[in-house]
């Protein structure tokens, strides 16, 4: 264990450098640059708000904030896991030439997307102020759902990055899975409208739990229950353990398969 | 201070050559079911044994496909041998491909930090050496230009400059000196000689026997994954040219 920690400390600077690289290159040569991290969720929110308050009646109080809470968390997870999935394949030339701890590549991708999420919160703040949503002191508890979604995405992303090396089909299959996952997460509908059997499935969905907690602290000013914390912690734990285990078992094969 | 810096102990590596590449689960299951998942076993290296002492400069020679690069990659820790162990003592600077890990969208200066951290240098060390890298690579006017606009020679110069800013204990060089113009090759030779005089151990792969004779005093001859000879460069290269 100590060996792994030492090794991680040795490559900490590389991790930071990779994160910096991702952030720099993402918006390079676009006129508005980093501003897109704020504009993108804002624009999406406006489009979806218009659609759902005119075409489908969602009947949710303060819909823009409700929507944006779900959307920010889910989009982060979606983007982070997708870029992490391709990270081992994308760095194939490097993996073949220099010894590096390989988990550093998916980790860097998750972290750089996470930095993006942080910037996107400015958009949420804008919407909260604009809709005159009261700000509760529970807003400081927002750190919990953010940490949970980061850990869950980290475990899941590491898992995907290892699996995709062996089975390339995963890339195509995953986009279907994510679509299903999105509809099973109450992003733009309230959980109450679901029939009972679906409520059970959604209750097992880690992202739904994390988003619920996020909304409780930002929108409703409620302190999340212990049960909800445990649910989130358990799903993060499972994702991390399974992800790291699969990655660890596969990583020596990477160089022969990428 | 350890006297032996590289110990290669009975190392063999096997590759599986799949007749057809199976990249997907469906293909895999179908092939497995039909028992068509055949592969040839191919030993790229067989029972390699040698030790390298501190300060030695050793060349690996042999024809294409004889296992030279595979052996270097095992010593660099990139590949794991199927059998046997490799022990190395000290820092390794692998120059298996110059500029591996460069990001084409970043400028040369940004790549110094990215590539430098891949090679394990800290940011403060790199900041100190930035000027030296600029000087050595001679990229004065191009240092803040994205390297996708660079020629391959310029990229190689930058890669070599970053890889050699510090004197490592073990330097691994795989046929990279054939890039760049005559002047730059001479400069690289000089830098390598400097490192050797400081006590670096060199492992060198090249197809140019002249280069090998110039730089190395010991040579190991590989053929079809087996070690044929190990000794003084003159003697071993004679065996090689008579092959």
* Structure fact -> Going through the range B:39-57 in order, the residues found to be out of contact with any helix residue (DSSP H, G or I) (no Cβ under 9 Å at 6 or more places or on another chain) and either at pLDDT below 85 or within 14 Å of chain A (Cβ to nearest Cβ) (or both) are B:39, B:40, B:41, B:42
* **Residues of the range A:1-32 satisfying the condition of being in a helix (DSSP H, G or I), farther than 21 Å from residue B:119 by Cβ and within 14 Å of chain B (Cβ to nearest Cβ)** => A:23, A:26
* From A:94, A:124, A:117, A:72, which residue is part of a helix (DSSP H, G or I) and either modelled with pLDDT under 90 or surrounded by fewer than 18 Cβ atoms within 10 Å (Cβ to Cβ) (or both)? -> A:94
* To do: Having 1 or more residues that are farther than 27 Å from residue B:89 by Cβ, touching a residue at least 40 places away in the same chain (Cβ under 8 Å) and within 19 Å of the chain's Cα centre (by Cα) is the bar; report the helices (runs of 4 or more DSSP H) wholly within the range B:180-242 that clear it.
  => B:182-197, B:209-215
* Asked: In the range B:63-82, which residues are more than 14 Å from every other protein chain (Cβ to nearest Cβ) and either under 10 Å from the mean Cα position of the chain (by Cα) or closer than 11 Å to residue B:45 by Cβ (or both)?
  -> B:66, B:67, B:68, B:71
* To do: Check the range B:18-32 and report whether any residue there is at pLDDT 90 or above and away from chain A (no Cβ under 14 Å).
  => no
* Residue check: is residue A:30 farther than 30 Å from residue A:252 by Cβ and surrounded by 17 or more Cβ atoms within 10 Å (Cβ to Cβ)? -> no
* To do: For residue A:174, indicate whether it is within 14 Å of chain B (Cβ to nearest Cβ), within 15 Å of the chain's Cα centre (by Cα) and modelled with pLDDT of 90 or more.
  => yes
* Given the structure, is residue A:78 buried (at least 16 other Cβ atoms within 10 Å of the Cβ) and either in a helix (DSSP H, G or I) or over 22 Å from the mean Cα position of the chain (by Cα) (or both)? -> yes
* Structure fact -> Scanning the range B:88-109 residue by residue, those within 8 Å of another protein chain (Cβ to nearest Cβ) and surrounded by fewer than 21 Cβ atoms within 10 Å (Cβ to Cβ) turn out to be B:96, B:97, B:100, B:103, B:105
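Let's see how each residue does on (1) within 14 Å of another protein chain (Cβ to nearest Cβ); (2) out of contact with any helix residue (DSSP H, G or I) (no Cβ under 6 Å at 6 or more places or on another chain); (3) part of a helix (DSSP H, G or I):
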| residue | (1), (2), (3) |
| --- | --- |
| A:39 | no, yes, yes |
| A:47 | no, yes, yes |
| A:59 | no, yes, no |
| A:65 | no, no, yes |
| A:110 | no, no, yes |
* Taking residue B:120 and the conditions (1) touching a strand residue (DSSP E or B) at 6+ places or on another chain (Cβ under 6 Å); (2) within 28 Å of residue B:75 (Cα to Cα), which numbered condition does it fall short on, given that it satisfies the others? -> (1)
* Structure fact -> How many residues of the range A:1-27 are exposed (fewer than 15 other Cβ atoms within 10 Å of the Cβ) and under 17 Å from residue A:109 (Cα atoms)? The answer is 2
* Structure fact -> Counting only residues that are surrounded by fewer than 18 Cβ atoms within 10 Å (Cβ to Cβ), in contact with a helix residue (DSSP H, G or I) (Cβ under 8 Å, 6 or more places away or on another chain) and either within 14 Å of chain A (Cβ to nearest Cβ) or under 19 Å from residue B:185 (Cα atoms) (or both), the range B:119-133 contains a total of 4
* To do: Select from the range A:132-154 the residues that are out of contact with any helix residue (DSSP H, G or I) (no Cβ under 8 Å at 6 or more places or on another chain) and outside any helix (DSSP H, G or I) and list them in ascending order.
  => A:132, A:134
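The values are calculated or read from the model by the stated rules, or taken from the named source; none is laboratory data. Small disclaimer: the values here were computed from a predicted structure and weren't measured. No Cβ is skipped: glycine too gets one built from the backbone with ideal geometry, and neighbour counts run over all protein chains shown.
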